[in-house]
Amino acid sequence: MFIMNEVTDLFERSDVLHVRSDIQKIIGSKVKLETNKGRHKSVINRGIVSNVYPSIFTIQLSDGPDPSRKMSFSYTDVLTNTVEITLCE
């Protein structure tokens, strides 16, 4: 549902604690983030899952003008489909 790859049970639960534990499993993995900005607008970023905290997780971006830039998202962003995470191979 949220991550499209061979891991089918990842992020298919509707509980914030389960989403957090699933994101902990992919720390250090390369991901593609599609962020919904509303009105049919979305932004796509690529990066590495760097840290998991009680309320948020951070992504170290690997593209763009400033490669040292980080973005943070809440687990409810994932649950509400505001952010879609795809593992990169």
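The values are calculated or read from the model by the stated rules, or taken from the named source; none is laboratory data. Keep in mind it's a predicted model, so treat the numbers as computed, not measured. As a convention, Cβ positions derive from the backbone with ideal geometry for all residues, glycine included, and neighbour counts pool all protein chains shown. Keep in mind that these areas ignore ligands, DNA and RNA; they rest on the heavy atoms of the full protein, side chains included. Shrake-Rupley method; radii C 1.70, N 1.55, O 1.52, S 1.80 Å.
Here are the numbers for the structure shown:
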| read-out | value |
| --- | --- |
| Residue satisfying all of: in region 77-89; of a type outside the set (V, I, T) and exposed (fewer than 13 other Cβ atoms within 10 Å of the Cβ); farthest from the chain's Cα centre (by Cα) among these | E89 |
| Matching strands (runs of 3 or more DSSP E) fully within region 22-76 where at least 3 residues are open to solvent by 70 Å² or more (accessible area, probe 1.4 Å) | 30-38, 41-52 |
